[in-house]
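Each reported figure results from applying straightforward, stated rules to the coordinates on display, with no laboratory input. All values derive from a computational prediction rather than experimental measurement.
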Amino acid sequence: MESETQSAPNGRSTSNENIRTIGQRVDRVSDSAQHAWAATRSAVTDLRGTLDLDGRVKRNPYGTMAAGLGIGYLLGGGLFSPLTGRVVGLGLRIGLRLAVLPLLKRELSELAQAFEEGSGEEAARGRRTRANVNKEK
């Protein structure tokens, strides 16, 4: 009669008990994978319901497409690329010009008004002084 324990080529013994243990492990791994897959599907379904992606796409398809492109660009590593640096630099220059020009215009107009008012007062004072000098003569 042969025993259940056989000698393997590497010197270790194999038995039906070890084979059953491996089978049980495979079954447990399979069950865990199925459980993880079910939990993932449930989480995705919940997230999809919360975000209402289908409704957003129907209401605003171009905005959704732009958001997807932007997210893809960022996830693809585009945030620290030379193109992004140039685009941000251009945006800052244009934004500063649009923000600073009205401020400068307002300040210059106030300065010009103050100068005109100051010049008018000085001119009137100067005329009075000249008139006083002429009267004394």
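Here are a few things to note about the model shown:
- Above 15 Å, the calculated P(r) of the stretch 59-101 contains 60 percent of its Cα-Cα pairs.
- Across the stretch 102-117, rounded Karplus estimates of 3J(HN,Hα) from the backbone phi angles (6.51 cos²θ - 1.76 cosθ + 1.60, θ = phi - 60°) give x, 5, 5, 4, 5, 5, 5, 5, 5, 5, 5, 5, 5, 5, 5, 5 Hz, Gly and Pro being marked x.
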